[in-house]
Structure formats: structure tokens, C-alpha cells
1. Based on DSSP, what percent of beta bridges with both residues in the chain are antiparallel, to the nearest 5?
2. Roughly what would the spin-label model give for residue 632 and residue 584, points 7 Å off Cα along C-beta, in nm?
3. Please report the projected area of the range 136-268's Cα convex hull averaged over all directions, in nm².
4. Throw me the Rg/Rh for the range 202-355, computed over C-alpha atoms with Kirkwood Rh, two decimals.
5. Pop a pseudo-label 7 angstrom from the Cα along the beta-carbon direction at both residue 572 and residue 507 and give the gap in nm to one decimal.
6. Could you work out how far the C-alpha centroid of the range 577-640 sits from that of the range 490-512, in angstrom?
7. Just to compare against my own numbers: the Cα pair-distance distribution for the range 308-357, 10 Å bins, whole % per bin, please.
8. For the range 328-378, count the residues as N, evaluate 2.2 N^0.38 Å, and divide the Cα radius of gyration by that value, please.
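Just so it is clear, none of the values below were taken in a lab; they were calculated from the coordinates. All figures in this text were calculated on a predicted structure; none of them were measured in a lab. Positions of Cβ are backbone-derived with ideal geometry, glycine not excepted, and every protein chain shown enters the neighbour counts.
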Ligand code: 7RM
């Protein structure tokens, strides 16, 4: 409970910002009465959104709740690709831009709804021809190119759950996820651009495919046009397959509860969890939040800067934006290539109206200086969003002033891979915001700050962030591991424990502090310290390792690893490099520890449990908490001296 004390100590921000009048005048939702209305009848509230979508067969029951298992829109039949494409192609959005894409070198592609519809239909036929059937899993290891959403929507069209693996993850990470999902097809590319360099994606994909017997075929997109190894009979070029694919593929009539996708996310153990999302509830959840939180208007261009390899990209680059029929911008690469104003150049070039990014990016921009955004016309922007980690009030104020020119509301949106949709956020036409607070649960969502017994704690007190009733886009299980799913709900039966610590202030605003478990958040990327530890011990020089998160001014959190060396190994800068590279190889470069500290032993309790709280104090170089329960308290002093504080 020590972490919960820190939460209470958090400063309360006094500044508040009311939605600007000209924003409220046109906002999609402005009646605060909606919160009460949704509370009185949440099922009707969600059903109203569901009615705006197209169902092949209507649902019989909105919610069936047998804790911890929920079914939404029971008996309903629909197809999410039909709702994202066919529904729009039938009307005036037919030739509206669905996707505007910009590559790192500055090449661009625009796909109208009709063009995207045709590509998705064709690729759905390609999948069928390659033997993919309803229920088969498809692994997608693609960079941020239009073929990624095309592949996802094609899978959804034929009812084959996709498992997208972030393209910056290593081949081992891809392998581990593919072994778990037992995907039969893998879709990848010849490479992609990152900071002026070409990433050799195909080679990484090959390593994983060679180790995964479930993979029968591999489809390769030409992004770069470089020579890559192609295995005869197994590997096929995307463009060649597409050439003679029929232009129409009948959408599969999916049950509301049929699986849409698996997305792996870090938990507290070394093994990532395959979060399972289904069709009907997920679509309703992302559709509703798109409409009300991002206040989408017909003429808007919406840009979410996340990678589609993370849930933010699934819900708010692909499914949410296309469900509401907006124009979704996709950019291939990093914010600072070739210069720190790349994002602002893109906002100006395409006249972006709604911009959704992560605090880590905002903090980097504040460092680069105001001159970069100030070079560009940002007057098209009308709404800003933040996601992935707590936004510190200073970054919030900078975002508000320098990017939003004090006219754009900011929506700080709290959610998780597991929640599928935003659950806590301002409604930009209603909510008076406070910098650093995600404000209130979305209507129909019941969130609380509770103690370990699930009892709400008074305002100002730190506690666990919990969701008190099911919501439509919630995860349905962990793929192949229902026990791990049940854990979310086991602490107090029927209550979903998020793993985050938070508090409410006197006005009922939610302040989310971050994880209270061993999950950390590096630059908005969710990682498990256990995964990093198991990567380190794969190196022969390492006997034991413990990794903890420490606060970092740009990344939010960074990793410090404490390592016990095997006999015969000496510490050296070269070894530090080797260990960092090992982590990059096993997980990906984002997981490299900032700091590796070689120690003779780790602080352990008498029962041999590593005391992470003390390691965190050490990593932060602060006063150490109680060390009396340690088996060998002297070890801590030794480590501290070594760290020079
Ligand atoms: C969408 C996403 C989830 C974890 C979550 C939090 C943290 C996300 C916010 C936030 C404070 C926010 N999915 N988090 N958004 N913390 N304010 N607005 O990030 O599964 O990758 O991570 O991220 O700790 O539990 S995720």
C-alpha cells in the first residue's frame, strides 16, 4: 500500500479550463444530463449507439453478465469491415478520403472509402485463396503503411482474428506471440523507414516464421523495393496476389461475440497476455467514444500518432475513425525526422483538425522549443488529445498554449489494451478540464477508486482504479488462458481491477498516477519488468536480474536493471552494451534499460523475495524506505555507495 501513499501526496492542480464557446456551439454532445441518463439505464444508453450501426440480424439482449464473463448484443450478427466500409460506400462518403498516408521520405497515398473498400475486398479474397478460414488466426507484422489497416479489415471481413505485432518488436517477440496464437498466415513487408534508415523487417519475420510450425504461408508487401529472401512455396508478394484477386468478397456474418482480434500486452509475468476482443461490443465502444470524445464532424481530418501495433492504433486509427466515416491520417515514422517539426508540417499540409498523441511526445516537443511548431500554420486544429500515460500539468499547459493556441479543448483519455475503448476522458463540449486529470468516466461507465476490498475510498485518498460494471469493448478473455483473465476480476468478484493507482479530488475528478504492479510505461509503451529480466538472464553473464522503472523527464519512465554476474565475468562498458543489446534482441529496442548496475546480491526478504520497493528507491536515488525486513540490510548500502549517492 506504500505506493498508494505517494498518490495522496500528489499535488492538486488548481487551474481549470471551460470548453470554448465556439466549440460548444457545434459540439456533438453538450447536455451534462447525459451522465445521469446513462447511469439510470446503461444498457439503453449503449443500445442507442448500436442502433446507429448496421446489423445483419438485431441483437436479442444488450448484456448478459455472468461475472466475470460478459456478452454484449447477444444474438446480433454483423461485420465490422461492413460497418467501416460498405456502410459508407453506399452513401455520400464513397469518394471521401478514408486514409491519408504519409511515408517517412515524404511519399503520400490517399485511399477513398471506395478504394479502401476495394483493396480490403480483394485482400479478403487473397486470404481465402491462401486457405485462411473463419476462426483462423493471422499474424500481421507490418509497419505503418496502408496495407496494415487493409490486412486487418480483410481479416475482419472473413472472420479470421488478426494478431498485429508491433513492427519494432524483435523476431523473438513475434515468435513468442505467434507460438501462442498459432497463426497460420503471416503478413509482413520487405522493410520500412525509420529515421532515414531502412529496417530489415522481412529478415526478422523469417527468423520467427522458421521457428513457428503453425505458419504455412507468408505474404510480403513491397514497401522499400529491396531484395529480400523469398522462400519458394511459402512466401508470396502482396502485389502479385492482388493482381488477379476478385473485387468483391461477401462479408462473413459474424456473431456479436465472435473474436475480432488478439492483441498481446505486457502483464506482471514474463509472458505477454493475448487480450481477446470481440465484434459487436467493441465496435459500439469505439464508435461511441469517437463520436463524443473526438467530436467528429463530416469534414474533419483526424490524426492519431500512435502505432497501429498498439491498441491505440487499433481503436483510434483503424476501427473507430472508419466506423464514424472520418478521414484517418497515418504517418509512417517518428516525430523528429528529418527535423523536430515533422508533426507540425503534417498538421499544416493536410489541415488536421483533431490531433491525438502521447505525453512523451509532448514532453520532447517542449524540449525542442516553440520555434518548431511556430513555423507552421496550426489554425486547422480544433481539438487535442492525450493518451498512454499520465500527462504532467506542465506538458498539458504547453500543449494547450503552443499547439492549441488556447482555443482547443484537450481530452486526456485513460484506457488500456484490455478496455478496448476510452473509459475516462472529458467530453470536450461539456467538461471543465484540469491539467493532468483525465476528469470523469465516459457516460455508461462506472469507475471508482477503491481499497483492496473494493470499497470506494474518500476524495483525496489514494486507491486502486477499478471499473464497477462491464462495458461493451471490454476484453472477453486472455487467449488460451482464462485463469489469467479471471485474475482481473478476482480481487473482488465482479469488479475489474485495472492495475492503476489513482485518486479522486473533492470535485470528483480522477487523477491517474500509473501502474501499481510491475508493468511500466516507457514513452507510452507498455512493458513488463519481468520480460526484461528474463531477457537479461538469457545472457550467460547474468545469474539474476531485477528491473524497475524510474521516472524519466522525457520517456515518463525508464528502466534500471540490477544484475548479478556469473563467476568469471567482469563488469565493463562493453558488457553493459551487450546486455542492452540482448534486451533489444529479445523484446525490441524500446525495452533497453537506461542503466545497468552490477551488484553482488539483490535486496531480498528472508523468504527470498526481491524487495522491488527498495530497488525503486535506489533507481530514483532517493532516501531508502524501511530495510529492516531484509535478510541482509548491508547489501543495500553497498549498492547505494556503488551508485554514488
Ligand atoms: C491506451 C493504452 C495502459 C496503461 C494504463 C495506464 C496508462 C493510459 C493514460 C494512462 C494516465 C492516461 N493502453 N495510461 N492512458 N495513465 N492517464 N490518460 O495506453 O494497455 O498500452 O497501457 O497506460 O497505466 O493502465 S496500454
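1. Bridges in the chain are about 60 percent antiparallel.
2. So the label points at residue 632 and residue 584 sit 3.3 nm apart.
3. Quarter of the Cα hull surface area: 9.3 nm².
4. Rg/Rh for the range 202-355 comes to 1.00.
5. Placing both labels 7 Å along Cα→Cβ, they lie 5.9 nm apart.
6. Here the two parts' Cα centres lie 29 Å apart.
7. Per 10 Å bin, starting at zero, the Cα-Cα P(r) for the range 308-357 comes out as 22, 52, 25, 1 percent.
8. 1.06
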